[in-house]
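So the structure is just underneath, and the comments pick up after that.
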Amino acid sequence: MRNGAILVTGSSGHLGEALVRVLRARGQPVTGLDRKPGPCTDVTGDITDRQLVRKALSLAAGSSGVTGVLHAATLHKPHVMSHSKRDFIDVNLAGTLNLLEESVTAGVGAFVYTSTTSAFGRALVPAPGQPAAWITEDIPGQPKNIYGVTKAAAEDLCQLAHAEHGLPVIVLRTSRFFPEDDDDDAARARYAGPNLKANEFLHRRVDIADAAEAHLLALARAGQIGFGRYIISATTPFAAGDMAVLRLDAARAVLDKFPEAAREYGRRGWRLPASIDRVYVNARAREDLGWQPAYDFGALLEALARDEDPRSPLARVIGAKGYHDGPTGVYTA
């Protein structure tokens, strides 16, 4: 990656800021693009503005050219309540197309698209009485809202750019890494925020430091892979054979593997999950990208036993950001 510069979109957001911070720390030339100003944003503007995208790529290139694009800018699930479907199409689809086509023109060497496990949609929740879903990249998506629809469609645009122009593109379907409260009223009522996030490391959460590392590995390996889709989530301690018990009695399944969880959760008045409905499987990303996530449920318990913050230093620095400029439900910081 050191032969050229990197353009990071969404550089004022959670992941975009993390990517810029990590790249800067490694001495990598990097330019941040976001519609909001921020400490990691060099170009302020919207990816729906094609001329601005071209300008950002040119600025990033400097004299050495653009090695890669890390495209993290998006309208998220929290924006479903505040933005129109057309807004999602403009940003998540047209904006991604602008970046892909301008990247081809600029001779970008690799493109990494931040997608989401929400692209799986309804496939994530089995019917009542069925085992938890074992979610791999081979599960067909069934998006359930405009966010999932546009993210899945943008993945297809990425694949098309590779097929038509040879642009190496890696799609990363990331699980949860945001520190804001959950939007599910029942989940918030049953679990304190840190408790809920700790539980999610069993099956549907990734620390932002691990997510950033996955993006940089994808950027480095895109050329040899060509095109690929990968799930980015903390390594689950469970196997496919555990899915039935996870749906019926997840707490028992957890304690069978981590008896020490009873003590650490008990000290904090936390609850283990009663039921888990899906498990994200990161095996393909670990194998193809050489990704080794450091933050999983076992590491979290070890940190709790030392009375330490289980989050990565990077997650602590970035903190919560919210998703809206004013009060808009639980998502606002």
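Assuming a strict under-16 Å limit between Cα atoms, what lysine pair count do you get for region 5-318 once near-sequence pairs (fewer than 8 apart, same chain) are dropped?
Here the count comes out as 5.
Starting from the Cα-Cα distance between D87 and I139, subtract it from 0.36 nm times their residue separation and give me the gain in nm to one decimal.
Fully extending the segment from D87 to I139 adds 15.9 nm.
In debye to the nearest 20, how big a dipole does the chain give about its Cα centre with +1 on each Lys and Arg Cβ and -1 on each Asp and Glu Cβ?
Around 180 debye, computed over the chain.
Which FRET efficiency value, to the nearest 0.05, do you get for A163 and R316 by plugging their Cβ-Cβ distance into 1/(1 + (r/R0)^6) with R0 = 41 Å?
For R0 = 41 Å, the calculated efficiency reads 0.50.
Using +1 at the C-beta of Lys and Arg and -1 at the C-beta of Asp and Glu, which of L255, A234, Y191 has the Cα lying farthest in the positive direction of the dipole of region 177-287?
Of L255, A234, Y191, it is L255.
Consider all pairwise Cα distances in the chain and report the whole-number % of them above 37 Å.
Within the chain, distances greater than 37 Å cover 15 percent of Cα pairs.
Mind listing the long-range amide H neighbours of I232? Cut-off is under 5 Å, sequence gap 5 or more, other chains count too, H placed in the peptide plane at 1.01 Å from N.
R173, T174, S175
What list of ³J(HN,Hα) values in whole Hz, one per residue of region 122-129 in order, does the Karplus curve 6.51 cos²θ - 1.76 cosθ + 1.60 (θ = phi - 60°) give from phi, with Gly and Pro shown as x?
5, 5, 7, 10, x, 5, x, x
Ranked by Cβ crowding within 10 angstrom, fewest neighbours first, how are V281, V69, V8 ordered?
Going from least to most buried by this count: V281, V69, V8.
Would you compute, from DSSP H runs of 4+ residues alone, the mean residue ellipticity of the chain at 222 nm, taking -39500 (n - 2.57) per run and dividing by the full residue count, rounded to the nearest 500?
Mean residue ellipticity at 222 nm (helix-derived): -12000 deg cm²/dmol.
Let me have the relative contact order for the chain, percent, based on Cα pairs under 8 Å that are six or more residues apart.
Over the chain, the number comes to 18 percent.
Under a Cβ-Cβ cut-off of 10 Å, what is the net charge of the residues other than I170 that fall near it, where Lys and Arg count +1 and Asp and Glu count -1?
The answer is +1.
Using unit Cβ charges (K, R positive; D, E negative) and no other charged atoms, how large, in debye to the nearest 20, is the dipole of region 160-310 about its Cα centre?
300 debye
Whole-Hz ³J(HN,Hα) for each residue in region 38-45, computed from phi via Karplus 6.51 cos²θ - 1.76 cosθ + 1.60 with θ = phi - 60°, x for glycine and proline: what do you get?
Running phi through 6.51 cos²θ - 1.76 cosθ + 1.60 with θ = phi - 60° gives x, x, 10, 10, 9, 10, 9, x Hz.
Using the beta-carbon distance between I225 and R306 and R0 = 41 Å, what value does 1/(1 + (r/R0)^6) give for FRET efficiency, to the nearest 0.05?
Step by step, r from the Cβ atoms, then E = 0.60.
Would you work out which of Q159, G121, P131 lies farthest towards the positive end of the dipole of region 70-191? Charges go on Cβ: Lys and Arg +1, Asp and Glu -1.
P131
From the phi of every residue in region 144-159, what ³J(HN,Hα) in whole Hz does the Karplus formula 6.51 cos²θ - 1.76 cosθ + 1.60 yield, where θ is phi - 60° and glycine or proline is x?
10, 8, 5, 4, x, 4, 6, 5, 5, 5, 5, 4, 5, 4, 4, 5
Computed from the coordinates by the stated procedures, all read-outs in this text should not be read as laboratory data. Everything numeric here is computed off the predicted structure, so don't read it as measured data. Backbone-built Cβ (ideal geometry, glycine too); neighbour counts: all protein chains shown.
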